[in-house]
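The values are calculated or read from the model by the stated rules, or taken from the named source; none is laboratory data. Values in this document were obtained by computation on a predicted structure and should not be read as measured data. Every residue, glycine among them, receives a Cβ derived from its backbone with ideal geometry; neighbour counts consider all protein chains shown. With ligands, DNA and RNA removed, areas are computed over all heavy atoms of the protein, side chains included. Shrake-Rupley method; radii C 1.70, N 1.55, O 1.52, S 1.80 Å.
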Amino acid sequence: MKTMVAVMVLRVLGATSAAAVDIDGKWGIGAGVIGHTGEVSLIHGHSARSAWVFDVAVSGHDVNSRRTFVVPVPFPPTSSGNRNDFSILAGPGYRRFTRPAEEFSPYWDIHLRGSYAHEHSSGSGNGKTYGANGEFAFGLEYFTHWHFSVAAHTSLVTLAWSHLSEHSSFAEGTDNTASASIGISPSIFVRGYF
């Protein structure tokens with residue numbers, strides 16, 4: 001009797017079988033809840049085993065400080081400052097599920113993203129950075145019966161290039177940086193499909 005009631009409740013709530021194949025032709029939204037917080041993804045199921053992804057990660061800080069010196073010093077007894085920064089990372093990706101008919105499916109991703117960052121510090125000047133990176137990532141996604149999933153995700157290989165230009169009252173300069181990294185950076189994502 002209890003089993004019959006549970007089945008009826010699940011049907012009323014819209015529970016169906018769940019697997020990666022269910023995203024075929026559907027749209028989804030994902031967000032990092034541990035690790036990559038601030039990252040949001042728009043997902044479109046391209047086929048029963050693949051999806052197109054567009055990621056956006058935004059971060060920013062604004063810090064105001066005021067110091068009061070308690071010992072006599074040759075400069076004013078208080079000083080104040082402000083430091084703020086803003087960065088955005090965005091771009092397309094491709095996701096391929098290895099076991100699309102299962103509720104728990106491993107997948108791999110390839111992403112290409114552009115980046116922009118701006119930093120301002122009173123007394124120190126401004127800095128702007130733009131660049132691009134490519135990433136190969138791996139994940140394990142669990143599809144629930146209610147059209148959302150939970151995924152453990154990590155980047156494995158990242159190739160990046162950036163250009164920095166700094167302007168201050170003391171000096172100006174530019175710097176180009178290329179880097180490659182191999183390693184894991186685990187995070188948890190929640191994704192919903194409609």
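Looking for something within 30 Å of residue 45 (Cβ to Cβ) and in a loop (DSSP other than H, G, I, E, B) - is there at least one such residue anywhere in the range 129-144?
Looking for residues that are within 30 Å of residue 45 (Cβ to Cβ) and in a loop (DSSP other than H, G, I, E, B), one finds at least one in the range 129-144, hence yes.
Considering only the range 13-27, I want to know if a residue exists there that is at pLDDT 65 or above and in a strand (DSSP E or B).
Scanning the range 13-27 turns up at least one residue that is at pLDDT 65 or above and in a strand (DSSP E or B).
Check whether at least one residue in the range 36-58 is at pLDDT below 90 and among the charged types (D, E, K, R), and report yes or no.
No - not one qualifying residue is present in the range 36-58.
Run down 105, 149 and say which single residue is in contact with a helix residue (DSSP H, G or I) (Cβ under 7 Å, 6 or more places away or on another chain) and either within 26 Å of residue 46 (Cα to Cα) or of a type in the set (D, E, K, R) (or both).
105
Residue 81 - would you say it is farther than 26 Å from residue 154 by Cβ, open to solvent by less than 40 Å² (accessible area, probe 1.4 Å) and at pLDDT below 90?
When the stated conditions are applied, residue 81 passes them.
Among (1) within 18 Å of residue 46 (Cα to Cα); (2) surrounded by 15 or more Cβ atoms within 10 Å (Cβ to Cβ), which single condition is residue 118 missing?
(1)
Of the numbered conditions (1) touching a helix residue (DSSP H, G or I) at 6+ places or on another chain (Cβ under 8 Å); (2) under 17 Å from residue 57 (Cα atoms); (3) of a type outside the set (A, V, I, L, M, F, W, C), residue 141 fails exactly one; give the number of that condition.
For residue 141, the failing item is (2).
Scanning the range 165-186 for residues that are open to solvent by less than 50 Å² (accessible area, probe 1.4 Å) and farther than 30 Å from residue 140 by Cα, which turns out modelled with the highest pLDDT?
Top of the filtered list is 165.
Among the candidates 135, 119, single out the residue that is more than 16 Å from residue 30 (Cα to Cα), modelled with pLDDT under 95 and of a type outside the set (Ser, Thr, Tyr).
119
Restricted to the range 40-61, and to residues that are part of a strand (DSSP E or B) and free of Cβ contacts under 8 Å to residues at least 24 places away in the same chain, which residue is farthest from the chain's Cα centre (by Cα)?
For the range 40-61, the residue satisfying everything is 44.
With respect to residue 151, determine if the residue is without any contact (Cβ under 8 Å) to a residue 40 or more places away in the chain, in contact with a Leu (Cβ under 7 Å, 6 or more places away or on another chain) and open to solvent by less than 60 Å² (accessible area, probe 1.4 Å).
Considered against the rule, which asks whether it is without any contact (Cβ under 8 Å) to a residue 40 or more places away in the chain, in contact with a Leu (Cβ under 7 Å, 6 or more places away or on another chain) and open to solvent by less than 60 Å² (accessible area, probe 1.4 Å), residue 151 comes out as no.
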